[in-house]
Amino acid sequence: MVDTSIHLLDRGRVYADRGYVVDGYSMGTAAARTVDHEIGEFVVWSAVVDHPDVTVLWDTGSHPDAGAGYWPEPLYAAFEHVDAADHELASDLDAAGFDLADIDAVVMSHLHLDHAGGLAAFAGTGTPVYVHEEELKFAYYSAKTTEGSIAYLASDFDHDLDWKIVHRDRHTFAPDFELIHLPGHTPGVLGARIGLPDETVVVVGDECYVDANYADEVPLGPGLLWSEPHWFDSLQLVKEEVRRTDGAVDVLYGHDLDQFASFEGGWNR
């Protein structure tokens, strides 16, 4: 294993109905036709992967003006990023001991607005931004037409960016740092397998918002799934990655606050 460390950046809190995140979480029955809906607290995070060959920013979080009209009102009403204004990318990097200038490359797990909101910081810089080809296509299709998903904003990613396109299902990014295509939540979600000195971290991101998606294999709610069959296949791929890993392995979810807190800022050395 190479001498790599992962530093998690806390990018704030989103409040949303748990039914969006875990399919069937709140369901009525003939005996109880109305149900109480539970609003959950979820984390938005980015990460700095400090590899000997390259310092990588994983995702860029929400735009600071998400709650000030930047996000479409119906979407913000469903996924309320209450403290986005307190989590400007440069400030959160600084709190973790990094500067924007330290970032050699950006990897976008996908281009939804809670992940791509800080990409403008890299416009015109020449910093390579890695994204899966299916994600970039679907993001522009969604943002530039009335089709697709409302969770993409052209103003997040339609900049002078040095796009590096990831094709197929696997991409060796650096020694012991492999990108893995995990379609389901969107067509082009990227995860990763990152070898650390004492363990392996499998980043699954929004393939699994929370532990119930992984441990119980309960899919995301319908509003968060581009394709449930693809999602299930991706989940089995992830579990095979874990099974074939010798030694300690952690699986990093997309928005699970309890899990995020348990890592205490990441796998830092």
Conditions (1) surrounded by 12 or more Cβ atoms within 10 Å (Cβ to Cβ); (2) hydrophobic (A, V, I, L, M, F, W, C); (3) modelled with pLDDT of 95 or more; number of the one not met by Val35: (3)
Residue match in segment 166-177 (condition: over 30 Å from Glu41 (Cα atoms) and in contact with a helix residue (DSSP H, G or I) (Cβ under 6 Å, 6 or more places away or on another chain)): yes
Matching residues, segment 81-126, being β-branched (Val, Ile, Thr) and in contact with a helix residue (DSSP H, G or I) (Cβ under 9 Å, 6 or more places away or on another chain): Val82, Ile103, Val106, Thr125
Hits in segment 224-251 (condition: surrounded by 15 or more Cβ atoms within 10 Å (Cβ to Cβ) and over 28 Å from Met1 (Cβ atoms)): Leu224, Leu225, Trp226, His230, Trp231
Residue count, segment 53-66 (criterion: crowded, with 17+ Cβ neighbours inside 10 Å and outside any strand (DSSP E or B)): 6
Flag if Val218 is within 29 Å of Asp23 (Cα to Cα) and in a loop (DSSP other than H, G, I, E, B): yes
Options Leu190, Leu179: the member that is in contact with a strand residue (DSSP E or B) (Cβ under 7 Å, 6 or more places away or on another chain) and within 13 Å of His115 (Cβ to Cβ): Leu190
Failed condition for Val204, given (1) closer than 18 Å to Ala116 by Cα; (2) in a loop (DSSP other than H, G, I, E, B): (2)
Selection from segment 225-269 of residues that are in a helix (DSSP H, G or I), under 16 Å from the mean Cα position of the chain (by Cα) and within 11 Å of Cys208 (Cα to Cα): Trp231, Ser234, Leu235, Val238
Members of segment 132-149 that are part of a helix (DSSP H, G or I) and not polar (S, T, N, Q): Glu133, Glu134, Glu135, Leu136, Lys137, Phe138, Ala139, Tyr140, Tyr141, Ala143, Lys144
Residue within segment 111-129 that is of a type in the set (S, T, N, Q), in contact (Cβ under 8 Å) with a residue 40 or more places away in the chain and touching a strand residue (DSSP E or B) at 6+ places or on another chain (Cβ under 8 Å) present: no
Filter pass, Val48 being at pLDDT 95 or above, outside any loop (DSSP other than H, G, I, E, B) and farther than 22 Å from Arg13 by Cα: no
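The values are calculated or read from the model by the stated rules, or taken from the named source; none is laboratory data. What you are looking at is a predicted structure, and each value in this text was computed from that prediction instead of being measured. Don't worry about glycine lacking a Cβ; one is built from the backbone with ideal geometry, like all the others, and counts go over all protein chains shown.
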